[in-house]
Each structure stands twice: as structure tokens, then as C-alpha cells.
Amino acid sequence: MNRTIGSRPGARIARIEVHEFGYTVDGLGLDISGNRCVMKGASSRLSAFAVRIDTQDGQRGEYCSVHSGKNGAMVGQVKAAAGHLLGEDAEEREAIYNKLKRAHRHYMAIGHSALDNALWDLAGKAVDRPVWRLLGGYRQRLPTYASTLNGGRHGILDSIEAYADFAEECLALGYKGYKIHGWGEGDPQEEAANLLHCAKRVGGRMALMYDAASELRTLADAIYVGKACDDGGYVWYEDPFMDAGWSPHAARQLKESVRTPLMLTEHVRGLESKAAWIHDRATDYLRVDPDYDMGITGTMKVAHLAEAFGLDCEIHAAGPAQRHCMAAMRNSSWYELSLVAPGVANPVPPVFGSGYSDALEDIGPDGCMPVPDGAGLGVEYDWDYIVANRTAYQEFGLKGSDTVSGR
């Protein structure tokens, strides 16, 4: 059957723009493992990109990725995928999802994500509705935890006392949860001591989570730190050791030795791959991210898969697309306000308007963050800033097409 029958003629995608730009974050450096970490007196220049998708009849969707550390790899895939969208019906996101999944099957399809998110923004703006309502809304307030940057050795999050003090600060601001990213060395004794000290200071008053960020080297190290999670009453134990969260067998081995629920699949891309982790009982919770897992379309597929098996599915990282997805999910408990540290700005691109913010101090008195209620993703982007800080630009256009909207 010809799937274009009944399509709105003007809904064909006529142009895609990819804008790469840079921005600076003070107090951010690199640790021994190459992670972005807090570092007093340091400054980091980060990369970002934004996409615009225009249809022949002048509808426009926009999206700016929030994952600065991964943007260099992602934007190359975006450019490789963009040409495949030209001439497609912008309203047929499911067809585009399947087309790009196959076309970019060798690359885990992460470049598809930003394009899909922009198409959802376009869809919402076309009918003057927020994306979360198009998805089938469930809530408008998102319970939020503060998720730390990696600890440093130079004056910020440089000791177990500093982590506990920051937990107290987050608690006073209204956060009901706190997640620790530790130090890049992955020393199991040091990590365990930090977990137990934070539990002693704020346990019982905040939900505590731990993300080892795949720094622990061996199963023995992961078990040792997992026992500290058990003793400290941690809600979950995330990406424990250097298999990078790719090995279901390794995760099952760990599950046999610790009681704390495991949070895995942040680094496992797509619906089918995550399904295997459920089948193998290799994780207790699923992770999903609209910037990595083929956009909002892919994220909601994973959320519904988890729901069918009675599992929670937690959104990775902070951003407008993350909020809209969580707002339409029953089986998700926490919005991750990442990545924060005392005195350091959240390292997301400084381009969000419409009152949107992922700043630490913007938590609501109910311990929640709001869901944008404007059309589409509900945010406006500071295109003057993007263009002024632009490092590269590429445009993909449909031959012979005139679009209503300008650059």
C-alpha cells in the first residue's frame, strides 16, 4: 500500500539546517578518565548543535541537543541522516523512524534522535499543542533528583564531606532525591566510603542513587561498592563497571551478589536491544534517552515495552524532550536534573527561552520541575546566540522546493 495516500501535500520535508556552535562553562575540567568534572578555576569550551526542519508549506520544527559531551559524535550522524528525510511527509514519524533505523543500523542510529525530536516539535506547533499532550499526558509536575557532576580534586566535590554538604544543600532547596557521580579513578574503597557517608548525613530524608559511570574495573569492585549501596539504602545502582553496561551476563552476575536494584541500558541503544535485557533479567530498571534512543518516538516505544513487563523506565538526563516524554509515562518516577555541582552552572547549552530552565535553584517547592506547556516542545531557542557562536553550518534542501519560512 502506498503510505502517502491521504498525506497533506505541503507536509513534505523541504529543508533541514544543522547549526553547530560552542559555549563556555566555568568550573568544569577533565578528570583522569576523560570525564567532564568539577574543577575550581578551570573553564571548558563545549560543543552543541541545533536542527531546523521546514516543510513546503512553512511548518517548522526545531531542536537543540542537551548532551554537550556527545555532540561531536551525534552531529555527524545527524548530517548523514538528514538527506534521507527530504521529501518525506513530516507527519509520518513512524515511517521515518523505521526508514532511518534500517539506513543507519551500523551506527546505532543516535543521529536520528535530534531529527525525530524536531519532527515532534513541528507536529505540536502545527496543531498548537504541547508534545506531551500529543503523546497522551499523564502529569504536569515531575519529581526531580539532583544528579551531580563527576567529583574533582580541586576545591569542588573533592571529598566525602563536600558531597554530603552538597546533598544537604539540594535537600534545603527542595530536592527529594540525590544521585552521586563519583571520581574518575574508580577506587572502590573511596566510592563506598562516599556512599555510606552521604547515607549517614541525608539517608531517610532523600532518595539516594549512585552512578559509577562504568569506572569500577572488576566484578569484585562492583560487588564491594554494591554492598555499600545495600547498607546505605540506595534506590538504584547505575552502570557499575567497565563492561560499559553492554553485558547482560555481567549484570546478572552482579545482581546475584547485591540487593540494590540495578539501573542499566543507558548505553544500550534502541527497542530491540533493551528488550533482550528484560528477557535475560539483567536489570531491574530500564534507562532511555530521547537524545540517544531514536528520539521521542523511540523513547516512548521503550517506555511502553517496560510497562508491559511491569518495569520502571527512567529518563536519562535533563532537557525539554526528556520532560515531555516523562510527562506521558506512568512507569517513571524521577526527572534527572543533570549535571549539577556547587557553584557550577549546569553545562547545558545556554539557548533555552520561554522560561525554560534546568538550573539547580529552579526546583519547585513540591520538589518537582514543570512540563513546558507551549506548542511543540514549548521552548524558544536563542538563534542570535547560536549564530553568533556558530562553528559550522550545513543545509539540506529538496530540489525545486520553495518554503514559506526563512532562515
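The values are calculated or read from the model by the stated rules, or taken from the named source; none is laboratory data. Values in this document were obtained by computation on a predicted structure and should not be read as measured data. Virtual Cβ from ideal backbone geometry, glycine too; neighbours counted across all protein chains shown. SASA here: full protein model, heavy atoms, side chains in, ligands and nucleic acids out. Shrake-Rupley method; radii C 1.70, N 1.55, O 1.52, S 1.80 Å.
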For residue 99, placing the label point 7 angstrom along Cα-to-beta-carbon and taking segment 257-276, residues whose amide nitrogen sits under 16 Å are none
Evaluate the distance, in nm, between pseudo-label points positioned 7 Å from the Cα of residue 304 and of residue 392 along their respective Cα→Cβ axes.
-> 3.5 nm
From the P(r) of segment 1-104, can you give the percent of Cα pairs sitting at distances over 21 Å?
-> 48 percent
Gain in length, residue 272 to residue 330, computed as 0.36 nm per residue apart minus the alpha-carbon separation, to one decimal in nm?
-> 18.8 nm
Pairwise FRET efficiency - residue 284 versus residue 384, Cβ, R0 = 45 Å, nearest 0.05 = 0.50
Hydropathy first: keep DSSP H helices in the chain averaging at least 0.0 on Kyte-Doolittle, then drop any whose Cα extent along the axis falls short of 18 Å, and list what survives.
-> 71-85, 111-127, 160-173, 219-232, 295-308
Ignoring ligands, DNA and RNA, what accessible area per residue does the chain give at 1.4 Å, in Å²?
-> 39 Å²
For segment 30-87, max minus min Cα coordinate along each principal axis, in Å, sorted largest first?
-> 50, 19, 11
By accessible area (1.4 Å), largest first, 179, 79, 40 order as 40, 79, 179
Among rounded, prolate and oblate, which fits segment 51-143 when a ≥ b ≥ c are the square roots of the eigenvalues of its C-alpha gyration tensor, a/c under 1.5 means rounded, and a/b larger than b/c means prolate?
-> oblate
Carbon and sulfur together cover what percent of the accessible area of segment 278-407 at a 1.4 Å probe radius?
-> 48 percent
Take every Cα-Cα distance within segment 308-389, group them into 10 Å bins from 0 onward, and report for each bin the whole-number percent of pairs it holds.
-> 15, 45, 31, 8, 1
Inverting the mean 1/r over all pairs of different Cα atoms, compute the Kirkwood radius of the chain and quote it in Å.
-> 21.7 Å
Do any chymotrypsin sites (Phe, Trp or Tyr not before Pro) in segment 75-156 lie in a DSSP loop with no more than 15 other beta carbon atoms within 10 Å, and if so, which?
-> 138
Over segment 191-259, what percent of the accessible surface lies on carbon and sulfur atoms, probe 1.4 Å?
-> 55 percent
Report, largest value first, the span of the C-alpha coordinates of segment 235-294 along each principal axis, in whole Å.
-> 34, 21, 19
Roughly to the nearest percent, how much of the accessible area of segment 1-110 is carbon and sulfur, given a 1.4 Å probe?
-> 52 percent
Residue among 106, 338, 251 farthest towards the positive dipole end of the chain, charges placed on Cβ = 106
Label-point separation, residue 127 to residue 165 (7 Å along Cα→Cβ), nm | 5.1 nm
Once the other residues with Cβ under 13 Å from the Cβ of residue 266 are scored (Lys, Arg +1; Asp, Glu -1), what is the net sum?
-> -4
Order of 221-228, 315-322 by packing, highest average Cβ count within 10 Å first?
-> 315-322, 221-228
Under a plain spin-label model, where a point goes 7 Å from the Cα along Cα-to-Cβ, how far apart in nm are residue 33 and residue 311?
-> 2.3 nm
Decide, for segment 113-154, between rounded, prolate and oblate: order the square roots of the alpha carbon gyration tensor eigenvalues as a ≥ b ≥ c, take rounded if a/c falls under 1.5, and otherwise choose prolate if a/b is larger than b/c, else oblate.
-> oblate
With every protein chain present, what accessible area does residue 279 have (1.4 Å probe, heavy atoms only), rounded to the nearest 10 Å²?
-> 150 Å²
With -39,500 (n - 2.57) per DSSP H segment of 4 or more residues and division by the full residue count of the chain, the 222 nm estimate, nearest 500 deg cm²/dmol, is -10000 deg cm²/dmol
